[in-house]
Structure formats: C-alpha cells, structure tokens
1. Say we look at segment 276-305 and pick out the residues that are away from the ligand (no atom under 16 Å from the Cβ) and among the basic types (Lys, Arg); which of these is most open to solvent (accessible area, probe 1.4 Å)?
2. From (1) more than 21 Å from the chain's Cα centre (by Cα); (2) at pLDDT 90 or above; (3) open to solvent by 40 Å² or more (accessible area, probe 1.4 Å), pick out the condition that doesn't hold for Leu141.
3. Filtering segment 1-46 down to residues that are out of contact with any strand residue (DSSP E or B) (no Cβ under 9 Å at 6 or more places or on another chain) and among the small types (Gly, Ala, Ser), which residue is farthest from Ser96 (Cα to Cα)?
4. Which residues, counting only those in segment 827-836, are open to solvent by less than 50 Å² (accessible area, probe 1.4 Å) and either outside any helix (DSSP H, G or I) or of a type in the set (A, V, I, L, M) (or both)?
5. I'd like to know if segment 763-781 contains one or more residues that are open to solvent by less than 80 Å² (accessible area, probe 1.4 Å) and at pLDDT 50 or above.
6. Considering only residues that are closer than 20 Å to Ser174 by Cα and within 16 Å of the ligand (Cβ to nearest atom), which ones fall in segment 306-336?
7. Could you say which residue among Lys427, Lys414 is at positive phi, open to solvent by 10 Å² or more (accessible area, probe 1.4 Å) and more than 16 Å from the ligand (Cβ to nearest atom)?
8. Looking at segment 601-627, which of its residues are open to solvent by 30 Å² or more (accessible area, probe 1.4 Å) and modelled with pLDDT under 75?
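The values are calculated or read from the model by the stated rules, or taken from the named source; none is laboratory data. None of the values given here were measured: they were computed from a predicted structure. Glycine also receives a Cβ, built like all others from the backbone with ideal geometry; neighbour counts cover every protein chain displayed. When the accessible area is computed, the model is the full protein with side chains, heavy atoms only, and any ligands, DNA or RNA have been set aside. Shrake-Rupley method; radii C 1.70, N 1.55, O 1.52, S 1.80 Å.
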Amino acid sequence: METWGKVVITIVIALTLRWGWKVLNWAWLKPKKLEKWLRDEGYKGNSYNPLLMGDMKELSAMVNDARSKPLPITHDITSSILPFDHHIITKYGKKSFLWLGPNPRMYIWDLDLIKEILSKPDEFQKPHPEPFRDSIIGGLLVTEGHKWIKHRRIINPAFHLHNLKIMFPAICSSCDDMVRKWEQLTATNGSAEVDVWPYIDNLAGDVISRTAFGSSYEEGKKIFGIQKEQINLLFQMLLILFLPGKSAEGCHRQEEESDQDGPEGGSEDLLGILLESNSKEIKENGVGMSMDDVIEECKLFYVAGSETTSNLIVWTMVCLSLHQEWQTRARREILQVFGTGKIDFEGLKNLKILTMILNEVLRLYPPVVLVVRATTKDTKLGNMMIPAGVYLTLPIIHIHHDREIWGEDAAEFKPERFSEGVSNATKGNGAAFFPFTSGPRVCIGQNFAMAEAKAAIATILQRFSCEISPSYKHSPFPVFTLPPQFGAHLILSKKSFLRMGTNPRMYIWDLDLIKEILSKPNEFQKPHPEPFQDSIVGGLLSSEGHKWIKHRKIINPAFHLHNLKIMFPAICSSCDDMVRKWEQLTATTGSAEVDVWPYIDNLAGDVISRTAFGSCYEEGKKIFGIQKEQINLLFQMLLILFLPGRRFIPTTTNKKFNKNRKELRSVLKGIIDKRKKAIKTGSEGSSEDLLGILLESNSKEIEENGVGMSMDDVIEECKLFYVAGSETTSNLIVWTMVCLSLHQEWQTKLDEKSSKFSVPKTRFRRSKEPQDFNDDTERAEFKPERFSEGVLNATKGKGAGFFPFTSGPRVCIGQNFAMAEAKAAIATILQRFSCEISPSYKHSPFPVLTLPPQSHLILRKIS
Ligand code: HEM
C-alpha cells in the first residue's frame, strides 16, 4: 500500500512538474526567449509581462475606449481604429511587435517579405489555435496542408466565373429587394434619412443565402442570424479568449444550433456546386469532404462572404456621399452601361469608374484590416531565421495608408489613382494593394464580392442619390471585419428620370454640375441620335467635336457685332411691317383684340428671311413655312419617333415629312447656288446678310485650310437659322408682351423711357412657369427689378442660375442677335401701342421645340 502510495505521489509530482514546466514554458520561458530573438533582430516592443497577459490588458482598454465614440469624418482612420497598434508603432517604429497573451506579433512592412509570406502558405501558416477566429469559422479559411489543398480544389468550381454568371440574377434580386424597401421609405417626400447599414448588412446575408443555398434560402437566413450573434458574444469575451480552455458556453450552444441546419438543394448555387464537385473528388480520388467539412465551409461562406462584402458596399456609399463628384461620375457610367434597366453580368466589365471607386474604398477601408501568419518551426524569411511560435502581422490597412507608398495624399479618397490599374496606382508595387491578400490562399470569393458590390452600387445609384446626414457618425471599427459601429445614416433621395424611348434622362439641378457639363462640350455631347431635334435641325446645333469647332469658326463672323449693325435696319423693317398691320387693325376704334402670336411668329421668320437671305427674302419665307409644318408633323409622329428606322415607316405624315425635307433642300440649294454666283460677280449686298457672310467665311476657310463646309453643311446651317433664330426670339418677344400686359407698371416704365429701355429678361428662369397667376412664391413672380444690378446680383452670386442661352463654348451664337431683335420689336410696339390681357386670353406656354403661346391681347393705339 505504502509503495502504491509512493508511486501515486511520484506520478502526481511528475505530472505536476511536467504540467508546471509546460505552463512555465508557455507563460514565461518561451515568450522571453522569443522576446530576446526579436530584440536581437532589432525589433522593439513592450517587455513581456505574463500578469498582464502580455499587452492584452492595455490593448483591451484602448479598444474599448476607441469603440465608445465616433471618429471625426476622415479617411485617415488607422490610428483610431487600431489604437494599440498605432501606439506601439508610434512608440517603437515600424520594426516593432506587440504581445497577444504569450505570443509576440511582429509587424511585417516590407512588401517583398509580405509577398514571400503569402506565397508560402505551408511555411507561414495561419496561427493555430486562434481563439477569436476558430470560435466562429472553420473551413477553408483555417485548414492547412493537404486538407486545405483538397478542399480548395473541391470548392474552386463554385467560384468559377461561369458559375458566378449563373448566380448573378440571384444577387440582383437581393439588391432589388433592398432598393424596393428604400423606395417605400422615400415614397412620400422623395427623400429620407436612412441608416443604410442594417439594410446592406442584410443584403449581403441575403445574397449568400440565395447564392449558397438557393432553394433553402429561408433556412440559410437563419444561419446568418446565429453567426452574427456569435461574433458579438466573442467580443464580450475578449479578455478570457486567449486563456487555454476558455469556456464559451453560449457559443457552443449556438454552434450546435447552427450545426443542425444541414445543407440541401440544387446544383446552381454554391452548395450545389460544392456537393457536385465533392462527389467528383470522391469518385476520382476516393476521399472528399465529410458532412462536417461541408458544414464548416457553409458557415465560412457566411462570415467570409457576407460581412466583408457588406463592408465594401457600405463604405462605398459613405465615400460616395462624401465625394459627390464621384457619385455623379459613377452614376453617369452606370446609366451609360445599363440605363435604368436590369443590371447584367456582362455589363459589369464596362464599369471602369466604379471599379476605380471600389478599389479606392478597399484601399482606405479594407474589410480585413490585417492578416496574421505564424511559424511552426525555424523558418527563413528574407535574411531572418524566425524561430517557431512567432506571429507575423501583415498590416493591410497600414500599408494601404502608408504615405511612403501612396504619397502625401494617401489618406485622401482619390479613385483616379486606380485609373491606369493597380500596378500604376501603387507605382509598380502591386503588392502594396492586397485587400484580398495574394498567393495561393488569395480570397476565393474575390470575383464574387466585386460582382456583388458592383450590382448593389449600380442598383442603388440608378434610383437614388445619397448624401451624409447630419446624424451620421463615422465609426469604422474592426470586429471581425470593418463595419460601421454606429451605422451609416445617409439621406437618400429618389432620382427622377424621364424615359425617352429606351433612354433615361436624369435631371441635373446642381449649378456647379450644370456649369461643368456646359464647359466640357466634348465630354458631354448632345444626345445622338435625338430623333425629334435631328428631324428638324442639323448644322451647328447638333454637330460635335472637330466638325463643330470648324463650323463654329466659319459661322462666327456672321454674328459679329459690326455685322449685326449692318443687318439691324433689316430687323427694324420687319418690326415696322408688323406694327403697320396692327395699325390697320386698330385704325377704326383705336384698339382691337388681336392674337399677337402669329404676327410675332411671322416677324421672327421675316427677320431671319431678311437677315439670312437678304435679296432672296421671298424664297426664304417659303422655307420658314415648310419648317413650321415639319415641326407640326413631328408632333403627330411622336409615338413612332423613337422607333429605329422610323423614317421608312409608310404613314401619311411620314411621307409628307420626307417630301417636305426634299423640298427644303431643293429651295435652299437654289438660294445658295444663286448667292454663290452673286458673290462671284461681286453683286452689291451679296455678302451683307448671314448667308453671304457665311459663304464668304467658308471660302476663306477653304482657301486657308483646304476644307470648309460642303453644300449640304451650308443647307443644314440655313435650316438651323430658321428654327434656332426665329422660334426662340419670337418666344421672347411674345412672352414679354404677355408679361407687360399683366404688369402694366413695367409697360409704363418702358413707355416712359421709350427708346432707351432695357428688356426684362425673366422669361427663361429655371423656376417653374406659373399656370395661373396666383402663384405667389417669390421665384415665380415677374420682378424685372431683380436684374437691376445685373445677373450676378439677381442670382445672389450664382450667375450659373440664369442661363437662357446656356454658357460655355456652345453658348447660343445668336444671343446678341436675339436681344437686339427683341429690343427693336418691343420698342417699335410700345412706341405705338399699349397692350393688356384680353378676356379671351388663354395662358398656354407649351413646349414644342421652344415655348410658344396662344396670346390674345387687346392692343390700344397710343395717341
Ligand atoms: C470585399 C469582400 C472580401 C474581402 C475584402 C475578402 C478578403 C479576404 C482575405 C483578406 C482573405 C485571406 C484571409 C487570410 O489569409 O487570413 C480571404 C480569404 C477567403 N475568402 Fe474572402 N474576402 C471578401 C469576400 C469573400 C466572399 C464573397 C467569399 C465567399 C462567398 C469569400 C470567401 C473566402 C474564403 C473561403 C477564403 C479562404 C481562402 C483560403 O484560405 O484558401 N470572401 N478573403
């Protein structure tokens, strides 16, 4: 008995000593040995302290403190989101390390070393055990060696591009579902403040549920919920997590629960493809994945595939809200590629701007902020021989923000740095951008994630604009990935589009954007084809690029002030002719009710006929008539106008339209030929009208540069003079008369000043036209005094808010002409008449190509 007792005591002592030795080695000797190695290699860090769990206590306190408050809105986030790492790096430099329990983690900043580590997954494995990670995920992400090779081979097909293409409609359905909810939220006011994070978070889970489990989508969603709770529970256990044998009761219970949800379903979703690939593996090589393996992979799909991608989407929305110019560029591209219709997989590759934006977001807000590898034996890395048990931190986010790599603007959102690809953005050092890591263990879901993010952002921007809400709190905080801890409160506004045929039209209200668009005629061209306009006007108005530059140069002299001066008497003759007719109408009683519109309409045509075609005035007037008829015919064809090949549809209107077109050409050709001859023979006045000056300027261009305008070009310009020059100016004149009839006080003012008045200019303000006169909002009132100190003052410094003639290089070439004509007309009228609204007047500004009315006014002769 005694002997037995001694034996037992000896065994107990031996075991205790062995266990004690192990603990001593784990908690003190080994860390101290590794610390010595690190310091010998020139790495610096805090001295290891087992009582404080290495740096865990300080780290935990700093993390909790950082988590408690939002950050300033800046992309310079590394120091705030990884406060302890920042503290260590600032204190000890880049060659430093920190203690997670008894394990030292050294930072690897050298890009060549990072590449080497990632290219040798066997030598630099993921740390095992890694309590945080292992409690949540298993599967491919954490397996090593042969098992990893086999699993990766089995899973790979699930992520092939052609399978992604099959799954893509499911991704789009989830995006549509989300956006539909936002449409409900913004239905009443057109905009709403929305915390988009829960929706996006849910979207990514939804996408994985559909694409991973297809028909078992609803059960799939349940797993998503459980997995999310697991991560939160782990955070509550941060301090005990690195103790051996830590208990995670809650976790285990839920693990079991999530284990119960077994896989099932077809072969067009991730699970189906995986199961098929597994059967193939078993057939070919005897062993494949077990049921437990498959379950682990499914759980992994959730965490790896949804958290990460939802991070990317939400930070993209935040960045686009902060950088509206990129939101506009992205939306423009999306509308160019998909219109407002369905997003398709093939179109994704044309989203160049969006790819640049997503890359920049992945750089600034990488969902995986760092990855860790560990040595299991003495391992060579560069010039170092690293002993077993050292953890290596590859600080993705620090490297993505490193000024030495990206330049001084590293913390700025500048997607343009990716315009020539990743290699260019990183100045040849592609390894500096690795949100999905690199090497054999590069993220298997990279294409999946990018396709999902593109589909989501495209679907959102097709329908909404977003901006930062006042209640937004910037809170990127690394949990497992980098979600916004306090959500992402944005203001979503519904985008309104008008559909013309298959093309959407978006409204641009922002004056800076309007100015930008008008200042870049090459980038923002007129829509081609634009069936309505193209059927009526060609010439300068619809040409682009070099052709436009050449034509504008040739035509410009025709609108020079000194030529306008020469043409001015012709303008006044037309005004006199019109007023003479009114004098006849009012001759008997001194006043008469007159629909002034046909006269004014005719006046403007008359002015163009005289000033454009001078001596050929009568033929010119014929053109005017035909052009007017063409506009009316087009209106009758509105329904078929946007059909391809519309010209050949044999309707009566279409036939008439085509006949008119031919006639126009022939009349104009006749006029031009005649004029060319007259110029040749030096006939008097042959080059004093628009046509003459244009032909002369064209000859000069041909002489100097070899090419000028063809006959067809000149015909187009002449047709354009009619529509652009007469409809528009007659609108200005008639609405001025209507306004002066409504606002007698202004008529009187003009009367008093007789010849030296200035024409009120409020016609084409961007504000809405009143349909009745009760609209008392200030912007809808007729108040010419707002222009008393000029346009800039009237628009409260925003000159771009008034642009009846547009602005930039393509500003209306006939602006001075129109203003001179309108002034001459109104002056001539008011010299002889007063006008007031007649009881039969109907207010009917209705846009055709321009904005003509039906205007019955009472004209009274001024005695
Ligand atoms: C923006 C989105 C994503 C980012 C930034 C991202 C990032 C990463 C990174 C950095 C790794 C390497 C981790 C390490 O080596 O420790 C990784 C691995 C992995 N990712 Fe992703 N990921 C994303 C989306 C996805 C998606 C959508 C899926 C699947 C549906 C996925 C599945 C995986 C898997 C299975 C691995 C392990 C690969 C292996 O070890 O062989 N990821 N991911």
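1. If we take residues in segment 276-305 being away from the ligand (no atom under 16 Å from the Cβ) and among the basic types (Lys, Arg), then Lys283 is most open to solvent (accessible area, probe 1.4 Å).
2. The number of the failed condition is (2).
3. Of everything passing the filter in segment 1-46, Gly5 is farthest from Ser96 (Cα to Cα).
4. The initial filter retains those residues of segment 827-836 that are open to solvent by less than 50 Å² (accessible area, probe 1.4 Å), namely 827-830, 833-835.
Correct list: Ala827, Ile829, Leu830, Phe833, Ser834, Cys835.
5. Scanning segment 763-781 turns up at least one residue that is open to solvent by less than 80 Å² (accessible area, probe 1.4 Å) and at pLDDT 50 or above.
6. Passing the criteria: Ser306, Glu307, Thr308, Thr309, Ser310, Asn311, Leu312, Ile313, Val314, Trp315, Thr316, Met317.
7. Numbers: Lys414 fails: at positive phi.
None of the others qualify; the one that does is Lys427.
8. Of segment 601-627, the ones open to solvent by 30 Å² or more (accessible area, probe 1.4 Å) are 602, 610, 615, 617-619, 621-622, 625.
Selection gives Ser615, Tyr617, Glu618, Glu619, Lys621.
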